[in-house]
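Following: one structure in structure tokens, then a few remarks.
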Amino acid sequence: MRIAVANQKGGVGKTTLTFHLIHAWAEDGRKVLAVDMDPQGDLTSSLWRGDLPQNALVARVFDGNEPRPFQVAPGIFLAAAEISLSVHEKDLSLKNYFRLKTWLDAKGGDFDAIVVDCPPSLGLFTINALVATRWVVAPVDVSLYSVRALRDLLGSLEELQEIGEGAKLLGVAPFAFASRQRATKAVQELLADEYGNILFSHVIPSSARVREAIILGRPVWKLRRDEQAVGDSFRKLASQIWERAQKGDEHG
Ligand SMILES: Nc1ncnc2c1ncn2[C@@H]1O[C@H](COP(=O)(O)OP(=O)(O)OP(=O)(O)O)[C@@H](O)[C@H]1O
Ligand SMILES: [Mg+2]
């Protein structure tokens, strides 16, 4: 199963969602490859505190080399990113858009799931992720800008599908952390109107503990008991995403 977590709007919860999906699936006994396609390296620093083995950098695909993902936790392997990835962004030759796909086609078979965290743009790295995966999950913070960004993302997916490449939107995952309650309700209705059939039903609530979880490198359900509700919504969302992708994969 290959999933990209994408939305070109910044700060909507991509990395937070990727981090929790990876942990939820690994805890269920699956072998998961986390691919950080963002030169900000946020996913990498949430998963690993030590020095980065240079051969684990996903940037190697752009030099025609293979990254060697390393194990960062039980069941979790990381193809890492750091700021040096950004030097590749300017090379827009056609083959550069297929680098991640080429590597995953050759070496991704060892994993039950591959999850790619994207940067906040529709540039080279996100396109690599969309070409290399089957499914896209788009987190949206519940705001009007996010709804607009989602339309752009869908436009890009359609263009890629026209040339026979590119993932399908598996679903939209609402993060209700950025706006006030009344606005949240209005945008949720808008999202339900436009994406009703693919909107995941588990909204991720706002919680300072989510931020803390990423900083501490532990999923929110492992922080403390009183955060069970937030932890549960991440876990239920992870199950819903898994089941939907599984069903989609089975139906060709
Ligand atoms: N449910 C939540 N409650 C409170 N804060 C949250 C929640 N989810 C994410 N955040 C915080 O919001 C910020 C943005 O989240 P995150 O880094 O996951 O977004 P992103 O889409 O990956 O951002 P970027 O576009 O920069 O890659 C982070 O500081 C994160 O800790
Ligand atoms: Mg991010």
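Values in this text are rule-based calculations from the coordinates and carry no lab data. Worth saying up front: this structure is predicted, and the values here are computed from it rather than measured. When we count neighbours, we look across all protein chains shown, and the Cβ atoms used for this are built from the backbone with ideal geometry, even at glycine.
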#### Entry: Selected from G196, G231, G41 as most flexible by GNM, with the chain as the system and alpha-carbon contacts under 10 Å
G196
### Message
With a 10 Å cut-off between alpha carbons and a GNM built on the chain, which of G13, G123, G29 moves the most?
### Response
G29
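Between their Cα atoms, which of K31/K222; K90/K168; K14/K107; K168/K247 are more than 22 Å away from each other?
Values: K31/K222 20 Å; K90/K168 26 Å; K14/K107 24 Å; K168/K247 13 Å.
Among K31/K222; K90/K168; K14/K107; K168/K247, the Cα-Cα distance tops 22 Å for K90/K168; K14/K107.
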### Summary
For the chain, the charge dipole (Cβ of Lys, Arg +1; Cβ of Asp, Glu -1; about the Cα centre) points to a positive end, and the Cα of A176, A149, P67 closest to that extreme belongs to A176
#### Entry: Point-charge dipole on Cβ atoms (K/R +1, D/E -1) for the range 2-250, about Cα centre, debye to 20
580
### Task
Please get the size of the charge dipole for the range 1-149, origin at its Cα centre, with Cβ charges of +1 on Lys and Arg and -1 on Asp and Glu, quoted in debye to the nearest 20.
340
### Message
Just to be sure I understand: if I project the alpha-carbon convex hull of the range 41-178 onto a plane and average over all orientations, what area do I get in nm²?
### Response
9.1
### Summary
Per GNM of the chain with C-alpha springs under 10 angstrom, the most fluctuating residue out of I241, I83, I163 is I163
### Task
Please identify the longest segment of the chain free of exposed trypsin sites (Lys or Arg not before Pro), where exposed means a DSSP state other than H, G, I, E or B and no more than 13 other Cβ atoms within 10 Å.
50-179
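Using a 10 Å cut-off around each Cβ, can you sort H23, H88 from fewest to most neighbouring Cβ atoms?
Values: H23 26, H88 18.
By the 10 Å Cβ count, ascending, the order reads H88, H23.
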### Message
Given Cβ point charges of +1 (Lys, Arg) and -1 (Asp, Glu) and nothing else, what value in debye, to the nearest 20, does the dipole of the range 126-252 about its Cα centre take?
### Response
740
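Quote the relative contact order of the range 68-128 in percent (integer), defining contacts as alpha-carbon pairs under 8 Å separated by 6+ residues. Numbers along the way, then the final one.
Working: 30 pairs, mean separation 18.4, N = 61.
Computed over the range 68-128, the figure is 30 percent.
What share of Cα pairs, in percent, lie more than 30 angstrom apart in the chain? Please report the intermediate quantities before stating the final value.
Numbers: 6489 of 31626 pairs.
Of all Cα-Cα pairs in the chain, 21 percent lie more than 30 Å apart.
Once every DSSP H run of n ≥ 4 in the chain is given -39500 (n - 2.57) and the sum is divided by its residues, what mean residue ellipticity at 222 nm do you get, rounded to the nearest 500 deg cm²/dmol? Walk me through the numbers on the way to the answer.
Numbers: 8 runs with 104 residues, N = 252.
Only helices count here, giving -13000 deg cm²/dmol.
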### Task
Determine, for L170, L237, the number of other Cβ atoms within 10 Å of each Cβ, and report the residues in order from fewest to most.
L170, L237
### Query
How far is the Cα center of the range 80-115 from the Cα center of the range 1-54, in Å?
14
### Query
Can you tell which of H88, A34, A238 lies farthest toward the positive end of the dipole of the chain, using +1 and -1 charges on the Cβ of basic and acidic side chains (Lys, Arg; Asp, Glu)?
A238
